[in-house]
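What follows is a single structure, written as structure tokens, with notes after it.
The values are calculated or read from the model by the stated rules, or taken from the named source; none is laboratory data. The structure displayed is predicted, hence computed values, not measured ones. Positions of Cβ are generated from backbone atoms using ideal geometry, with glycine treated the same way; all protein chains shown enter the neighbour counts. Surface areas here come from the heavy atoms of the whole protein model, side chains and all, with no ligands, DNA or RNA. Shrake-Rupley method; radii C 1.70, N 1.55, O 1.52, S 1.80 Å.
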Amino acid sequence: MTKKWILYDKNDRQVTWPACIKNLSTVKNALGEELPTWIRQAFNKEGIFNEEKMIVPIRPISVLGQCSTAKYINCPNMPKHHIENARNYAREGYNRASYLDRIGRYYWFDFDLVSSDGTLIKLRMVVNRGDADCNDGMWGQFGDAIQGI
């Protein structure tokens, strides 16, 4: 049974997946429903070789693609300094997208979460790798793959 839930952003507003998800560029090494080799190897290292005994609560499904930071400017968890820098860039007469295109990239994934009672929850996440020059780390969000976030 798949539970359907609607998630809200940090300001308690219901939101949906952005339009940019329809125009993602592909990423090599897309995942499938099969347990990834690196997870299987980790179990094997612990002496578990029977896949039925491999209880993994997260099942990677697919890498949907990638896009520039400018394509998902409304990510609620983008560091505030990037938003302010983009505004300042625009005030100086430049296109703010040209600033944001240089800041990291977003990667989009679908995965399933399996609860202790066997309920399957389909989730989607987006992660930005950030900008090493300003050491801001990674940011993103996740939510229900069906309902949006």
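For the reader, a short list of remarks on this structure follows.
- Condition check for PHE111: surrounded by fewer than 19 Cβ atoms within 10 Å (Cβ to Cβ) and closer than 13 Å to LEU64 by Cα: yes
- Listed by first and then second residue, the pairs linking a residue in the stretch 85-105 that is charged (D, E, K, R) to a residue that is open to solvent by less than 100 Å² (accessible area, probe 1.4 Å) and assigned to a helix (DSSP H, G or I), with Cβ atoms under 7 Å apart and 6 or more places separating them unless they lie on different chains, are ARG96/ALA86; ARG96/TYR89; ARG96/ALA90; ASP101/THR69; ASP101/ALA70; ARG105/THR69.
- Scanning the stretch 48-96 for residues that are in contact with a Ser or Thr (Cβ under 9 Å, 6 or more places away or on another chain), part of a helix (DSSP H, G or I) and open to solvent by 30 Å² or more (accessible area, probe 1.4 Å) yields one hit, TYR89.
- Of everything in the stretch 106-149 that is within 16 Å of ASN74 (Cβ to Cβ) and of a type in the set (Phe, Trp, Tyr), the residue that is modelled with the lowest pLDDT is PHE142.
- Hits in the stretch 110-141 (condition: touching a residue at least 60 places away in the same chain (Cβ under 8 Å) and part of a strand (DSSP E or B)): LEU120, ILE121, LYS122, ARG124, TRP139, GLY140, GLN141
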